[in-house]
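Visitor: I have a structure I would like to understand better, so I am pasting it below and will then ask my questions one at a time.
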Amino acid sequence: MRAVTLARRALILSIAITALFAARPATATIRYRVSLAHTSEHLFVVQMDIPGAHAGTEIAIPAWNALYQVRDFAYRVRDLHVLAPVAANGNGSMLQLRALDKQTWKIQNPASPSPTNDSAQVTVQYSIEWNDPGPFDSQLNDQHAFINFAEILMYLPDRRREDVEVVFDDVPSAWKIMAELPPGREPNSFIAESYDALVDAPAEAGNFSDFEFDREGAHFRVVVDASGWNKSRLEEDLRRITTYELSLMGGPPFKEYTFFFHIGPYADGGGGGMEHSFSAAIAAASVDGAAAIAAHEFFHAWNVKRIRPQSLDPVDYAKEQPTRALWFAEGVTSTYAAFTLERSGLWSKAQFYEDLATQIGEIESRPARAWQSVEESSLDAWLEKYDDYNRPDRSISYYNKGQIVGVMLDLAIRDATDNQKSLDDVLRLMNDEYAKAGKFYNGSEAIRGAVEEVSGKSFQDFFQRFVSGTNEIPYDDFLALAGLHLKVETTTTAELGFRPDALSGKSVTVSDLDPDSAAAAAGLRDGDLISPLHRKSSPRKAAEWLRDRAPGDPVTLDVRRNGHHIEISFVVGSHADRHYSIVEVSAPTAKQRRIRNGLLQGATG
């Protein structure tokens, strides 16, 4: 009976393997050649060699990558055509590409419109323009190239598992290229076991600096495109960050890892980072900022890249991929970035307290917290590209509230177990049960299950109120578990009720008018032009203009609207500013002291 069962299993396995690779040609390497010759035009010229292609084969370019935003990279594509071969129809006509939608094309033979199974190597060529700085985009200019491959390389939707090779041509003589991928057969080339593996490994080309170090059995490479940066400071910060997080998670899930840094002018909008399985790309204004981002992005090597929600796998490059788990994948990763910076000594405990208080101040400043849960914020991540969605009365951030929930969850676990267990144990358990087992977790339900397994207590109420629900977080109740107190100080400041946008001369335009303000009640409108009245200054800069005014002071403005002058009078409004800080209570109990030390040191017991 056992022999028959084993034979049947072998047969089933053989059939499954045959089915899996049936559509895969024997020499299945899809090859890309990427020319960097057109740096001043910011054009990557791509040649894609597709073995075993035929009329009917479809190619596509992703609609999204790096950010949870559909950005339609297809609009950047130019001159897409089949370069070879000539169709075997006797009249020398070329194969053609027929657009199926905005990001998908089908190879067809104009002389024989019906699909054919005749296989050949088909070469497709196109150019694509990118000159956008930062880790979420790609860039080609005279200084360097940074490549997120999913943003420039097309793929075959039904052949994503095939091995691929990318070769860079026309590389400027002073440039070098680095990617966390095995080298290919030619200089400046890399190989990957699949399209997915390739696009999970960005590349940097240019005259960059680099250094290496080893930690906890892993080799680290650091690529830096910057000027005037402090190498010893950055290296020391990275050593501390990687040492702590590797120790926390029980060792590296990789043999080698690469950090890509753009430090300085690349950090438009304050910088940011993009995680990958074996690397991270980071843009920051300074080394200090780069290290803070690195603490977050490196922890993603576990949380989200390997401890991964089922809703994000496999990646669907063609459309949105909603998930309710970003509060954990991103927000709790921010929790651990703060833990890492404090526990590794890069932050003082005062800086940790200040950061947590700042996060609390941010969520408390957003009225949307009363109706949008952190799970719903995760689900709505795809709306973040719209400015109106990001208004305080419209949404909260899963990064922001997720980080706070992470700290409160850690405190609750420590309290429930008399500081014998913590959120650290939850992450390690999920690493064992999901990442190391090659499985994915099922959203917040699985996270709660791990918390309850570690703590031995029910956390249903916590998750219902603060994760899927919109209950106000009782910060002081949680902070008191560690002998901490949230201090709130309120100050009242003068407020115009609109944003003055300065124009040439001394005039300003009214923008972002608060409909509930006294200015709006008096008849002011968005778009009104304000000029100096009776030789008095117009409010070009609200803060400076309000410096000598107090709430309730009368204001008269000369407003031009549709060619007419109108005098509008109202009184200066007021705004209550709340400043949050976290302070230690003067006489903590022994348990509070243990939990506080555990929170700050990552210790239990």
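Since every read-out is calculated from the coordinates, none of them should be taken as a lab result. On a predicted model such as this, the values are computed, not experimentally measured, just so you know. FYI the Cβ positions are ideal-geometry reconstructions off the backbone, even for glycines, and counts take in every protein chain you see.
Visitor: For the chain, what is the mean residue ellipticity at 222 nm derived from helices alone (per DSSP H run of n ≥ 4: -39500 (n - 2.57); sum divided by total residues; nearest 500 deg cm²/dmol)?
Guide: -8000 deg cm²/dmol
Visitor: Ok, one more. Obtain the radius of gyration and the Kirkwood radius of the range 209-301 from its C-alpha atoms and give Rg over Rh. All intermediate terms of the calculation are to be shown ahead of the outcome.
Guide: Numbers: Rg = 12.2 Å, Rh = 13.0 Å.
In the range 209-301, Rg relative to Rh is 0.94.
Visitor: Also, quick follow-up: For helix 349-364, what angle does its Cα long axis make with the longest principal axis of the chain, in degrees from 0 to 90 and rounded to 10?
Guide: Value to nearest ten degrees: 90.
Visitor: Right, something else. Put +1 on the Cβ of each Lys and Arg and -1 on the Cβ of each Asp and Glu in the range 547-605; which of 589, 564, 554 then has its Cα farthest toward the positive end of the dipole?
Guide: 589
Visitor: Right, here's the next one. Rounding to the nearest 20 debye, state how big the charge dipole of the chain is about its Cα centre with +1 on each Lys and Arg Cβ and -1 on each Asp and Glu Cβ.
Guide: 780
Visitor: If you don't mind, there's one more thing I want to ask. Taking a quarter of the surface of the Cα convex hull of the range 326-482, what do you get in nm²? Mind showing how you got there, number by number?
Guide: On the way: hull surface 38.3 nm².
If I average the Cα hull's projected area over directions, I get 9.6 nm².
Visitor: Please sort 462-472, 339-349 by packing, taking for each peptide the average over its residues of neighbouring beta carbons within 10 angstrom, highest first.
Guide: Going by the mean number of other Cβ atoms within 10 Å, highest first, we get 339-349, 462-472.
Visitor: Given a Förster distance of 35 Å, report the FRET efficiency between residue 194 and residue 471 from their Cβ-Cβ distance, rounded to the nearest 0.05.
Guide: Efficiency at R0 = 35 Å is approximately 0.20.
Visitor: Normalised by the residues of the chain, what does the relative contact order come to in percent, with Cα pairs under 8 Å and at least six apart?
Guide: 10
Visitor: Continuing with the same structure: Which of the three applies to the range 326-389, rounded, prolate or oblate, going by the alpha-carbon gyration tensor with a ≥ b ≥ c and a/c under 1.5 meaning rounded?
Guide: Working: a/c = 2.74, a/b = 1.85, b/c = 1.48.
It is prolate, given that a/c is not under 1.5 and a/b is the larger ratio.
Visitor: Taking the Cα atoms only, what angle lies between the long axis of helix 398-416 and the longest principal axis of the chain, rounded to 10 degrees?
Guide: Here the helix axis deviates by roughly 80 degrees.
Visitor: In a Debye calculation with equal point scatterers on the alpha-carbon sites of the chain and no solvent, what is log10 I(q)/I(0) at q = 0.07, 0.11 Å⁻¹?
Guide: -0.56, -1.17
Visitor: What whole number of Å gives the distance from the Cα centroid of the range 543-605 to the Cα centroid of the range 174-227?
Guide: Between the Cα centre of the range 174-227 and that of the range 543-605, the gap is 45 Å.
Visitor: Output the peptides 173-184, 577-588 sorted from most to least packed, where packing is the average of other Cβ atoms within 10 Å over each peptide's residues.
Guide: 173-184, 577-588
Visitor: Considering Cα pairs under 8 angstrom that are at least six residues apart, work out the relative contact order of the range 209-301 and quote it in whole percent.
Guide: 28
Visitor: Just to be sure I understand the model, the point goes 7 Å from the Cα along the line to the Cβ. What's the resulting residue 173 to residue 569 distance in nm?
Guide: Output for this residue pair reads 7.6 nm.
Visitor: Extension gain residue 490-residue 590, at 0.36 nm per residue separation less the Cα-Cα distance, in nm? Don't skip to the end; give the middle numbers.
Guide: Values: separation 100, 0.36 × 100 = 36.00 nm, distance 3.25 nm.
Full extension from residue 490 to residue 590 adds 32.8 nm.
Visitor: Relative to the longest principal axis of the C-alpha atoms of the chain, give the angle of the C-alpha long axis of helix 590-601, reported between 0 and 90° and rounded to the nearest 10°.
Guide: That works out to roughly 50 degrees.
Visitor: When the chain is fully extended, how far beyond the present Cα-Cα distance does residue 350 get from residue 562, taking 0.36 nm per residue of separation?
Guide: Net length gain for the segment: 70.9 nm.
Visitor: Show the residues, 5+ positions off or on another chain, whose built amide H is closer than 5 Å to the amide H of residue 52.
Guide: Here the answer is 120, 121, 122, since their amide H atoms fall under 5 Å of that of residue 52.
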